[in-house]
Amino acid sequence: MSLARLQLRPDSVVWDIGAGSGSVGLGFGPVAATDGLSRKKIVRVENFGERPVRYRLSYASAEDVPGVTFEVPKRITVPAARRGGGPGVANFTVTMRVSDVAALRKTPDPTVELTRPAPRATAPKMPVRALGSTTRTPGSSTLSTGAVKLAGTPVVNGPLGQPDSVNGLLGGFQLQASSPELAPCAATQRNQCLHFPSQRDGDIQYVGATSTGADPAKDVVGIALTTFGTWISPAYNATARGVSGEIAAIVTIDTNGDGKDDREIDVTRIAPNTDVDVAETYALPSNKVVDDQFLNGVPGSTDSNVFNSNAMVLPVSVEALGLPAGSTTISYTVQTFSLDDGTALDTVGPLSFDVAHPTVKVSNPLLPAAAGVEGPSLLSLDVPGRLGITRDTTATGTQDLGLLLLHLHNSDGDKAQIVETGGKVKGRKHN
Ligand SMILES: [Ca+2]
Ligand SMILES: [Ca+2]
């Protein structure tokens, strides 16, 4: 916003965006955009001078955002300071309006790398505190091999795999657990509860798993989780602990059924001061890094809505799991921690998953190579049409609660969808 025709005396006028903050920055934060959506912010201007001042206002962009307009009034007049103290005050409204959702583009932050990270030999591990665990009774769904039909308006803004494009992505998983909402902490309960309402972003809602197969030479397992609240960043950052709204998610895996964890997956940054979030797998107890995979399984050149979300996919290569010969079943536990105060929040598991035989999985179409995925993909494009489903009842003793679909680009609270029966999915909406 620029000022014109203005004779300002030093310190005579104050712009205040927040209540008493003195800030002159104005941001709308992340917005789940739909056509015609608008948001408003009030700017308060205080005049400590003896005369009224008049501003002519206009909006000047520092970085163009196609499909979005910003409106300000043409003029404001701020009255002179009141006699006996107190500034003259005028408020005006800044309106952000999504004028053309199809024109929206994403500009990658310079801290996001667009290519696959190389595994690192050592890395700071997240602190882990033991929690009690919950186990779900294995169940079964009535879904059968075939297809589910997706309907709705897709998010397709530009070619797949281009850094400024946004294409809605979808993941399908064997739903293995549905975790209840945590209650606020009380004097008698300090664990498995919310110390702050913002910790809902670590309150696990659903956990699921899938795989592209069981071949150590090429296949990948994906652990999916959703939470009841929306996180700002999903990754542990050893150099910026305690950033409000950040959570840490870890998955511990017993690969040989002896009751001891052999692998741990952390959601972390590949390096300090970058926003390249990875699922990093360690061998236990050596803590040696054995795998780094992009969070959600796609590189930074394909947007997967990592930040300000409540759904994520933690991939790990089958090779890195180091399964014993002849065995394809793992037992895993998902835990979340709040970085607001370092407390353990929620835990789900142990859950049993057969890497070679997911009871239900999306068979086609999977993301094409243009998305930058090396090898078989865990995700599909979230577009209307048929989504092929393969049902496999070979696995025994694994939690099978249906199909968990993650619509990674849907709006907050609308990303997870449970399909319990075969056939048509009604009321699907993308936004
Ligand atoms: Ca929960
Ligand atoms: Ca073990």
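The values are calculated or read from the model by the stated rules, or taken from the named source; none is laboratory data. Source: prediction; values computed, not measured. Positions of Cβ are generated from backbone atoms using ideal geometry, with glycine treated the same way; all protein chains shown enter the neighbour counts.
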**Asked** What are the residue pairs meeting all of these: first residue in the stretch 248-266, first residue under 11 Å from residue 329 (Cβ atoms), second residue outside any strand (DSSP E or B) and within 16 Å of ligand 1 (Cβ to nearest atom), Cβ atoms under 6 Å, and 6 or more apart or on different chains?
**Response** none
**Prompt:** Given the residues 339, 379, which is the only one that is in contact (Cβ under 8 Å) with a residue 40 or more places away in the chain and either touching a Leu at 6+ places or on another chain (Cβ under 9 Å) or within 16 Å of ligand 2 (Cβ to nearest atom) (or both)?
**Reply:** 379
**Request:** For the stretch 180-189, state whether one or more residues are away from ligand 1 (no atom under 16 Å from the Cβ) and either of a type outside the set (S, T, N, Q) or buried (at least 22 other Cβ atoms within 10 Å of the Cβ) (or both).
**Result:** yes
**Asked** Any residue at all in the stretch 290-299 that is over 22 Å from the mean Cα position of the chain (by Cα), within 15 Å of ligand 2 (Cβ to nearest atom) and more than 18 Å from residue 173 (Cβ to Cβ)?
**Response** yes
**Request:** Within the stretch 40-95, count every residue that is hydroxyl-bearing (Ser, Thr, Tyr) and either assigned by TED's automatic domain parsing to the domain that holds residue 157 or farther than 30 Å from residue 165 by Cβ (or both).
**Result:** 4
**Request:** Please specify each residue of the stretch 38-77 satisfying the condition of being acidic (Asp, Glu) and touching a residue at least 40 places away in the same chain (Cβ under 8 Å).
**Result:** 46, 63
**Fill in**
Output for Cβ contacts, cut-off 6 Å, separation at least six or different chains, first residue under 12 Å from residue 220 (Cα atoms) and assigned by TED's automatic domain parsing to the domain that holds residue 287 in the stretch 297-325, second part of a loop (DSSP other than H, G, I, E, B) and among the β-branched types (Val, Ile, Thr), reads 321/255
**Asked** Is it the case that the stretch 368-379 has a residue that's surrounded by fewer than 20 Cβ atoms within 10 Å (Cβ to Cβ) and either outside any loop (DSSP other than H, G, I, E, B) or at pLDDT 90 or above (or both)?
**Response** yes
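For (1) in contact with a Phe, Trp or Tyr (Cβ under 8 Å, 6 or more places away or on another chain); (2) away from ligand 2 (no atom under 16 Å from the Cβ); (3) of a type outside the set (A, V, I, L, M), each residue gets a yes or a no:
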{"position": "153", "(1), (2), (3)": "no, yes, yes"}
{"position": "165", "(1), (2), (3)": "no, yes, yes"}
{"position": "170", "(1), (2), (3)": "no, yes, no"}
{"position": "178", "(1), (2), (3)": "yes, yes, yes"}
{"position": "215", "(1), (2), (3)": "no, yes, yes"}
{"position": "232", "(1), (2), (3)": "yes, yes, no"}
{"position": "257", "(1), (2), (3)": "no, no, yes"}
{"position": "268", "(1), (2), (3)": "yes, yes, yes"}
**Asked** Which residues, taken from the stretch 270-289, are surrounded by fewer than 20 Cβ atoms within 10 Å (Cβ to Cβ), within 16 Å of ligand 2 (Cβ to nearest atom) and of a type outside the set (Gly, Ala, Ser)?
**Response** 284, 285, 287, 288
**Selected residue (criterion: farthest from residue 219 (Cα to Cα)) from residues of the stretch 326-350 that are of a type in the set (Ser, Thr, Tyr) and assigned to a strand (DSSP E or B)** = 338
**Complete:** Checked the stretch 156-182 for anything out of contact with any strand residue (DSSP E or B) (no Cβ under 6 Å at 6 or more places or on another chain) and either of a type in the set (A, V, I, L, M, F, W, C) or on the phi > 0 side of the Ramachandran plot (or both); matches are 158, 161
**Prompt:** Residues 317, 331: which one is within 16 Å of ligand 2 (Cβ to nearest atom) and under 28 Å from residue 394 (Cβ atoms)?
**Reply:** 331
**Prompt:** For residue 344, are the conditions met, namely being in contact (Cβ under 8 Å) with a residue 40 or more places away in the chain, within 16 Å of ligand 1 (Cβ to nearest atom) and surrounded by fewer than 24 Cβ atoms within 10 Å (Cβ to Cβ)?
**Reply:** yes
